[in-house]
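One structure is given here, and the rest of the page talks about it.
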Amino acid sequence: MARIVQKFGGTSVADIERIKNAALRAQAEYEAGNEVVVVVSAMAGVTNQLVEYVDQMGSLFDAREYDVVVSSGEQSNAGLMALALQDLGIQARSWLGWQIAIHTDEIHGKARITGIDTAELEKRLADGEIAVVPGFQGISPANRVTTLGRGGSDLTAVALAGALKADRCDIYTDVDGIYTTDPRIVSKAKKLDRITYEEMLEMASLGSKVLQTRSVELAMNHQVRVQVRSSFEATPGTIVVSEDEIVEQQVVSGISQSKDEAKITLLKVADRPGVAAAIFGPLAEAAINVDMIVQNISEDGKTTDLTFTVGTADLDSAVAVLEKNQTDIGIGEILADSDVVKISVVGVGMRSHAGVAQKMFLTLAEAGINIKVISTSEIKVSVLVGEEYGETAIRALHTAYGLDSD
Ligand code: ADP
Ligand code: ASP
Ligand code: MG
């Protein structure tokens, strides 16, 4: 007997028919003698619609009420899933975040899970009941509903699997595993049997949203065995594992892209000690995350140019902050560009192989693609290119690193 947490994403529970189909997956594990916890997302598109309603309500934004609204898609699906399971003759009950309880901090809209009470769930599982849990929600210290950030049902599933010491956390979605790159963009993308936590964490944070970034982080820290698999086909999925479980290591395992990037260039910035702190300090105070940074050498010793990236959503406020401080800091001109995409190659094998970045630069040069900014870390190389070149770049790199399927 194993204990399994199954999570069904939005497309897998997008209508009644699909909820019934997902219930069959739970039934199969249950009838094989396993203990099963089912985590459900809202129906595909519902969360976006709820966010839209909040936006339309007016300019007064209250994150606590935002959470009440946007968490509701998961609530109805949890009840529907429990009914679908009961219809199959299985004892099943839904448990909202506050009923379990899934405790979080008070950061509404992107709350962090701080603890999960498992006693009641344990009892129900022992009684042969399937527990159905809505993803994406928890309860704050002030007893208010919180949500865990977009894509947060993955986090609910992994956190529950960790707290319940489950043998597996199966993430059912609309692709049959984790691929070398998004299979909806590159038809030659190859399915991976295994990927390391480190690589998946990088890929997720660099734009591969097949798993929510924080869910991978939690899985890694608690060694939760995560498998990504299809809701629609009974094929084996991709298992996320520790590095020592990978037998044959690829230098590059995957390629990610993020369109959620915008580039800011500051021209003729006074070249003196403390200027970088003067620029990035106010941005940090405004809670704007800065990612890639390059500073050009100063030609005249007096001024220099500085380029960096921020999230697209933060572009306007970043420019506003800079404009406010422009004269004080001594910035000649501020240029903003949101038509860019960040392409990253990721692989733990990079630690022991040289030449990965060089191959990337050469491949992009041969494809006639200009690189605007570069950044690297131990297991990834990222470049920023014009948005119109994004897909060409991914395809060329996918071939160059030998990742194409036959
Ligand atoms: P769900 O609603 O089930 O959570 P998501 O849309 O969040 O599903 O995640 C699945 C999607 O992730 C796929 O449809 C695919 O387009 C995208 N994706 C991006 N990168 C990858 C990748 N490397 N491997 C597989 N899928 C990927
Ligand atoms: N429904 C939420 C969202 O769309 C959470 C999830 O599906 O993971 O972000
Ligand atoms: Mg998702």
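The values are calculated or read from the model by the stated rules, or taken from the named source; none is laboratory data. Here the structure is a predicted model, which means the values were calculated and not measured. FYI the Cβ positions are ideal-geometry reconstructions off the backbone, even for glycines, and counts take in every protein chain you see. Heavy atoms of the whole protein, side chains included, go into the accessibility calculation; ligands, DNA and RNA do not. Shrake-Rupley method; radii C 1.70, N 1.55, O 1.52, S 1.80 Å.
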Which condition number in (1) open to solvent by 60 Å² or more (accessible area, probe 1.4 Å); (2) more than 19 Å from Val38 (Cα to Cα) is the one that Lys123 fails? (2)
Residue list for the stretch 141-157, restricted to those being over 13 Å from the mean Cα position of the chain (by Cα) and within 11 Å of ligand 3 (Cβ to nearest atom): Ala157
Spot the failing condition for Leu160; the list is (1) in a loop (DSSP other than H, G, I, E, B); (2) of a type outside the set (Val, Ile, Thr); (3) away from ligand 3 (no atom under 15 Å from the Cβ), and only one is missed. (1)
Filter result for Thr180 (β-branched (Val, Ile, Thr), touching a His at 6+ places or on another chain (Cβ under 7 Å) and open to solvent by less than 20 Å² (accessible area, probe 1.4 Å)): yes
Can you name every one of the helices (runs of 4 or more DSSP H) wholly within the stretch 1-117 that holds 3 or more residues which are of a type in the set (Val, Ile, Thr)? 46-57, 63-70
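Conditions tested, residue by residue: (1) polar (S, T, N, Q); (2) within 28 Å of Val158 (Cα to Cα); (3) open to solvent by 80 Å² or more (accessible area, probe 1.4 Å); (4) away from ligand 2 (no atom under 16 Å from the Cβ).
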site	(1), (2), (3), (4)
Glu233	no, yes, yes, yes
Pro282	no, no, no, yes
Ala286	no, no, no, yes
Asn289	yes, yes, yes, yes
Asp300	no, no, yes, yes
Thr304	yes, no, no, yes
Thr312	yes, no, no, yes
Pairs, first open to solvent by 30 Å² or more (accessible area, probe 1.4 Å) in the stretch 373-392, second of a type in the set (Lys, Arg), C-beta under 9 Å, six or more apart: Glu378/Arg351; Glu387/Lys259
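Which of the residues that make up the stretch 358-372 are part of a helix (DSSP H, G or I), buried (at least 16 other Cβ atoms within 10 Å of the Cβ) and in contact with a strand residue (DSSP E or B) (Cβ under 9 Å, 6 or more places away or on another chain)? Before you say what the answer is, go through the steps one by one.
So in the stretch 358-372, the residues part of a helix (DSSP H, G or I) come out as 358-366.
Checking which are buried (at least 16 other Cβ atoms within 10 Å of the Cβ) leaves us with 359-360, 363-364.
Those that are part of a helix (DSSP H, G or I), buried (at least 16 other Cβ atoms within 10 Å of the Cβ) and in contact with a strand residue (DSSP E or B) (Cβ under 9 Å, 6 or more places away or on another chain): Lys359, Met360, Leu364.
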Can you find, within the stretch 126-175, the residue that is farthest from Asn34 (Cα to Cα) among those that are away from ligand 2 (no atom under 16 Å from the Cβ) and buried (at least 23 other Cβ atoms within 10 Å of the Cβ)? Ala131
